[in-house]
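The values are calculated or read from the model by the stated rules, or taken from the named source; none is laboratory data. Here the structure is a predicted model, which means the values were calculated and not measured. For neighbour counting, all protein chains shown are included, and Cβ atoms are generated from backbone atoms with ideal geometry for every residue, glycine included.
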Amino acid sequence: MNLYLISVLLGIIEGLTEFLPISSTAHLKLAMKPLLGAQADSSFWDMYLIVIQLGAILALPVFFWSRIVKFCSTFPRGERGDRNILNHPLSLVMIAFVTTAIPMYLLSHFHKIDKNQDNLIIIGAALLIGGIVMWVVDVVFTHPTTLHMEQMTLPQAIWVGMCQILSGAFPGTSRSMSTIAAGQLGGMSRGAALEFSFFLSMPTMTAATVYTLYKWLFPKDASGHHVAHDPISSQQWILLVIGLVVSFIVALAVVAWFMNWVRRRGFTPFAIYRILLGTAVLAYAFSKHA
């Protein structure tokens with residue numbers, strides 16, 4: 001298949017799945033091999049996945065620009081004057097981010113969790129279990145006490161940040177699934193949990209992407225010495241730009257649609273999709289080991 005078309009398809013997959021609770025990592029990993037064959041394991045395509053994620057990230061500040069401006073202009077007292085420097089929405093986002101970032105850095109540095117990224121059994125199990133959890137939470141926790149993000153508490157933010165760690169440790173879990181379900185478990189409405197998940201993803205995904213890109217740009221061999229990458233060709237630059245732009249456009253549309261959908265209908269269809277996909281991935285993975 002033409003590489004430019006493949007770049008468009010991967011950009012669409014990234015944009016569609018990054019903010020839906022169905023795991024962009026799982027979908028990209030499942031699509032790479034059939035589309036690229038042996039090339040999927042190359043250093044360039046590892047970096048490509050990082051760059052197109054940046055495109056999806058950029059969609060969030062564009063969509064939430066007015067909310068971001070309002071939060072900044074009312075910091076730290078809040079719009080109603082009942083907030084402080086510890087429980088203002090912007091503070092809660094950063095507290096949840098730090099709650100996730102420190103353990104994730106330690107896990108990635110000392111336990112090499114990156115090796116899980118291509119494990120189909122882990123991906124399938126995470127999809128399946130996450131789908132069941134999301135379905136149960138969406139059906140059972142229907143009487144929230146926190147209806148809007150502006151009403152969130154410090155314990156809720158810490159709880160959501162702790163649950164977000166699961167998505168980094170187990171590919172297929174989905175960062176948005178873990179944070180949305182955690183928010184609902186913590187007493188937040190669907191809309192509040194979803195909006196906080198989006199806001200939390202801005203620093204979380206930016207930091208993770210920059211860190212991963214840094215490791216790609218300055219790789220080390222087994223002895224700890226830096227090694228050089230092959231130079232990026234003009235064709236590869238074009239592929240990067242295509243993937244970034246497509247993922248940005250698709251993600252922007254998905255965020256707008258998803259916010260409206262969830263408020264009216266909930267997460268059950270996504271949970272069912274996760275269960276079906278996780279079951280299929282596990283069946284395939286175990287058939288390969290048979």
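For (1) crowded, with 16+ Cβ neighbours inside 10 Å; (2) modelled with pLDDT under 90, each residue gets a yes or a no:
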site	(1), (2)
Met47	yes, yes
Val51	yes, yes
Ile57	yes, no
Arg67	no, no
Thr100	yes, no
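Inside the stretch 1-51, can you point out the residues that are without any contact (Cβ under 8 Å) to a residue 60 or more places away in the chain and not in a helix (DSSP H, G or I)?
Met1, Asn2, Ser42
Among the residues of the stretch 69-81, what is the count of those that are polar (S, T, N, Q), assigned to a helix (DSSP H, G or I) and buried (at least 17 other Cβ atoms within 10 Å of the Cβ)? Let's see the steps before the verdict.
From the stretch 69-81, those polar (S, T, N, Q) are 73-74; that's our starting set.
In the following step, the residues that additionally are assigned to a helix (DSSP H, G or I) were identified as 73.
If we keep only those that are buried (at least 17 other Cβ atoms within 10 Å of the Cβ) too, we end up with none.
Total meeting the criteria: 0.
Between a residue in the stretch 198-226 that is under 30 Å from Phe63 (Cα atoms) and any residue that is modelled with pLDDT of 80 or more and acidic (Asp, Glu), which pairs come within a Cβ distance under 7 Å, given they are 6 or more apart or on different chains?
Taking only residues 6 or more apart or on different chains, the pairs are Trp216/Asp46.
Restricting attention to the stretch 205-252, which residues are part of a loop (DSSP other than H, G, I, E, B), surrounded by fewer than 11 Cβ atoms within 10 Å (Cβ to Cβ) and modelled with pLDDT of 75 or more?
First, the residues of the stretch 205-252 that are part of a loop (DSSP other than H, G, I, E, B): 218-219, 221-225, 227-233.
Add one more test, that the residue is surrounded by fewer than 11 Cβ atoms within 10 Å (Cβ to Cβ), and what stays is 221-225, 227-228, 230-231, 233.
Residues satisfying the conditions are Pro231, Ser233.
State whether the residues of the stretch 235-253 include one that is of a type in the set (Ser, Thr, Tyr) and in contact (Cβ under 8 Å) with a residue 24 or more places away in the chain. Please lay out each step first, then the result.
Keep residues of the stretch 235-253 that are of a type in the set (Ser, Thr, Tyr), which gives 247.
Pick out the ones that are also in contact (Cβ under 8 Å) with a residue 24 or more places away in the chain and you get 247.
Yes, the stretch 235-253 contains a residue that is of a type in the set (Ser, Thr, Tyr) and in contact (Cβ under 8 Å) with a residue 24 or more places away in the chain.
What do you reckon, is Gly130 out of contact with any Pro (no Cβ under 7 Å at 6 or more places or on another chain) and either hydrophobic (A, V, I, L, M, F, W, C) or more than 21 Å from His27 (Cβ to Cβ) (or both)? Let's see the steps before the verdict.
Working: out of contact with any Pro (no Cβ under 7 Å at 6 or more places or on another chain): yes; either hydrophobic (A, V, I, L, M, F, W, C) or more than 21 Å from His27 (Cβ to Cβ) (or both): no.
Here the answer is no, as Gly130 does not meet what is asked.
Any residue in the stretch 147-170 that is part of a helix (DSSP H, G or I) sitting within a Cβ distance under 7 Å of a residue that is buried (at least 20 other Cβ atoms within 10 Å of the Cβ) and of a type in the set (Phe, Trp, Tyr)? List the pairs, counting only those 6 or more apart or interchain.
Met149/Phe196; Val160/Phe196; Gly161/Phe97
If Pro269 satisfies every condition in (1) free of Cβ contacts under 8 Å to residues at least 40 places away in the same chain; (2) assigned to a loop (DSSP other than H, G, I, E, B) but one, which is the exception?
So Pro269 meets the others, but not (2).
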